[in-house]
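This report refers to the structure that appears directly beneath it.
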Amino acid sequence: MREHDVNETEAAQAIGDCELAIRRRFAAAPSRVFGAWSDPAQFRQWWAPEGFGITLLACEMDVRSGGSYRLVYGMGQADTLTFHGTYPDVVAGERIVWTNAEDPEGAITTVTFADAAGGTLVTYHERYPTRAARDEALETSAMALPGQLDQLAALLAV
């Protein structure tokens with residue numbers, strides 16, 4: 001990512017057999033960007049991707065090492081989808097690590113926040129138990145993340 005690419009998301013990149021990563025630079029301090037990922041009131045404003053027909057109905061987050069989360073999405077009239085897991089490692093302003101416990105093929109996600117040229121470089125990294133699970137994510141959920149990060153950029157600009 002070039003130094004001047006503020007608010008430009010890199011495409012998801014496969015790393016090795018079981019990992020993927022996406023990077024984006026934001027024109028906001030790491031503490032501000034970290035807050036948008038760790039404060040449920042802010043997180044629910046940008047995490048559900050627009051244009052995918054889903055809404056975030058419930059957002060429970062205890063973002064601390066040893067904490068947990070539960071996200072419930074509405075999909076259409078009656079369908080819901082629940083994601084849950086734990087935060088095994090959180091360093092305020094620097095890193096959030098969470099598990100995706102609802103699926104045995106779920107990833108361990110690490111988001112880092114690095115000071116970069118007056119803003120923040122966010123690296124979103126997922127490690128899957130199998131290559132097949134990683135490849136499926138590259139074709140599905142990773143496709144939504146650039147739009148979600150656009151929504152985050154809009155929130156941070158306010």
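Being surrounded by fewer than 16 Cβ atoms within 10 Å (Cβ to Cβ), in contact with a Lys or Arg (Cβ under 8 Å, 6 or more places away or on another chain) and charged (D, E, K, R) is the requirement here; does Asp89 meet it?
So Asp89 fits the description; yes.
Taking segment 129-156 only, how many residues are part of a loop (DSSP other than H, G, I, E, B) and over 17 Å from Ile54 (Cβ atoms)?
Residues flagged as part of a loop (DSSP other than H, G, I, E, B) and over 17 Å from Ile54 (Cβ atoms) within segment 129-156 amount to 2.
With surrounded by 14 or more Cβ atoms within 10 Å (Cβ to Cβ) and more than 16 Å from the chain's Cα centre (by Cα) as the only criterion, which of Ala36, Ala78, Ala28, Ala21 stands out?
Values: Ala36 fails: more than 16 Å from the chain's Cα centre (by Cα); Ala78 fails: surrounded by 14 or more Cβ atoms within 10 Å (Cβ to Cβ); Ala21 fails: more than 16 Å from the chain's Cα centre (by Cα).
Ala28 is the lone residue from the list that is surrounded by 14 or more Cβ atoms within 10 Å (Cβ to Cβ) and more than 16 Å from the chain's Cα centre (by Cα).
Name the pairs whose Cβ atoms lie under 7 Å apart, with the first residue in segment 133-158 and under 12 Å from Trp47 (Cβ atoms), the second at pLDDT 90 or above and of a type in the set (Val, Ile, Thr), and 6 or more positions between them or separate chains?
Pairs that qualify, where the first residue is under 12 Å from Trp47 (Cβ atoms) and the partner is at pLDDT 90 or above and of a type in the set (Val, Ile, Thr), are Leu145/Ile22.
Of the residues Thr9, Thr80, Thr55, which is in contact with a strand residue (DSSP E or B) (Cβ under 9 Å, 6 or more places away or on another chain), within 21 Å of Thr123 (Cβ to Cβ) and touching a residue at least 12 places away in the same chain (Cβ under 8 Å)? Can you show your working first?
Details: Thr80 fails: within 21 Å of Thr123 (Cβ to Cβ); Thr55 fails: within 21 Å of Thr123 (Cβ to Cβ).
Residue meeting the stated conditions: Thr9.
Scan segment 41-59 residue by residue and report those that are out of contact with any Gly (no Cβ under 6 Å at 6 or more places or on another chain), surrounded by fewer than 16 Cβ atoms within 10 Å (Cβ to Cβ) and within 14 Å of Leu81 (Cα to Cα).
Phe52, Gly53, Ala58
Quick one: which residue in Thr120, Thr112 is under 19 Å from Asp39 (Cβ atoms), touching a Ser or Thr at 6+ places or on another chain (Cβ under 8 Å) and among the β-branched types (Val, Ile, Thr)?
Exactly one of Thr120, Thr112 is under 19 Å from Asp39 (Cβ atoms), touching a Ser or Thr at 6+ places or on another chain (Cβ under 8 Å) and among the β-branched types (Val, Ile, Thr), namely Thr112.
Quick one: is Ala101 hydrophobic (A, V, I, L, M, F, W, C), surrounded by fewer than 16 Cβ atoms within 10 Å (Cβ to Cβ) and modelled with pLDDT of 95 or more?
The answer is no for Ala101.
Cβ-Cβ below 8 Å, separation at least six or inter-chain, first residue in segment 110-129 and without any contact (Cβ under 8 Å) to a residue 40 or more places away in the chain, second surrounded by fewer than 19 Cβ atoms within 10 Å (Cβ to Cβ) and not in a strand (DSSP E or B): which pairs?
Between residues of segment 110-129 that are without any contact (Cβ under 8 Å) to a residue 40 or more places away in the chain and residues that are surrounded by fewer than 19 Cβ atoms within 10 Å (Cβ to Cβ) and not in a strand (DSSP E or B), the close pairs are Thr112/Glu94.
Please verify whether Leu138 is at pLDDT below 95 and under 21 Å from Trp98 (Cβ atoms), treating the condition exactly as stated. Spell out the reasoning first.
Values: at pLDDT below 95: yes; under 21 Å from Trp98 (Cβ atoms): yes.
So Leu138 fits the description; yes.
Go through segment 28-49 residue by residue and tally those that are farther than 18 Å from Asp62 by Cα and among the acidic types (Asp, Glu).
The qualifying residues number 0.
The values are calculated or read from the model by the stated rules, or taken from the named source; none is laboratory data. Computed from a predicted structure; not experimentally measured. Note that each Cβ is placed from the backbone with ideal geometry, even for glycine, and that neighbours are counted across all protein chains shown.
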